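Bear in mind that the values in this text are calculations on the coordinates, not laboratory data. On a predicted model such as this, the values are computed, not experimentally measured, just so you know. Here the Cβ positions follow ideal geometry from the backbone for every residue, glycine too, while neighbour counts run over all protein chains shown.
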Amino acid sequence: MEIEMYYKPGCPFCMAAEKLFLSKKRNPKKINLLELGKDKLEELSEKSGGWKTAPMIFIDGKFYGGYSDVKKLDDEGKLDNILTTQQ
């Protein structure tokens with residue numbers, strides 16, 4: 001199972017998302033959005049349905065949104081299931 005988190009340095013939501021995954025004993029692969037070229041950014045926007053903010057969180061290639069979306073899944077008790085069934 002791979003968690004990819006596209007982030008911007010200093011972004012508080014990005015740091016909160018990383019902390020959430022680490023609390024689940026999951027270490028997300030972090031990719032700095034500021035280091036990506038225009039083509040990769042356009043591809044990411046397409047894969048995420050036009051998402052424009054950081055973080056952008058993908059679990060096994062499926063886009064789950066940003067921190068608020070993943071936190072909501074956790075609050076609803078759904079995140080653990082996603083993390084265990086996506087192995």
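Normalised by the number of residues in the chain, what is the relative contact order in percent for Cα pairs under 8 Å and 6+ residues apart? This gives 37 percent for the chain. For Leu20, what is the net charge nearby, where nearby means another residue's Cβ is under 14 Å from its Cβ and Lys, Arg count +1, Asp, Glu -1? My count for the surroundings of Leu20 gives +2. Taking label positions 7 Å along the Cα-Cβ direction at both Thr84 and Ile31, the computed distance is 2.9 nm, reported to one decimal.
For the stretch 26-79, trypsin sites (Lys or Arg not before Pro) meeting the loop criterion (DSSP other than H, G, I, E, B) and having at most 11 other Cβ atoms within 10 Å: Lys52.
Model label sites at Lys19 and Glu76, defined 7 Å from Cα along the beta-carbon direction, differ in position by 2.3 nm.
Counting only DSSP beta bridges whose two residues both lie in the chain, roughly 65 percent are antiparallel. Working from the Cα coordinates of the chain, the gyration tensor eigenvalues give, after taking √(5λ), semi-axes of 21, 14, 12 Å in decreasing order. 3J(HN,Hα) along the stretch 4-13, derived from phi through the Karplus expression 6.51 cos²θ - 1.76 cosθ + 1.60 where θ = phi - 60°, amounts to 10, 10, 8, 9, 10, x, x, 6, x, 5 Hz, with x in place of Gly and Pro.
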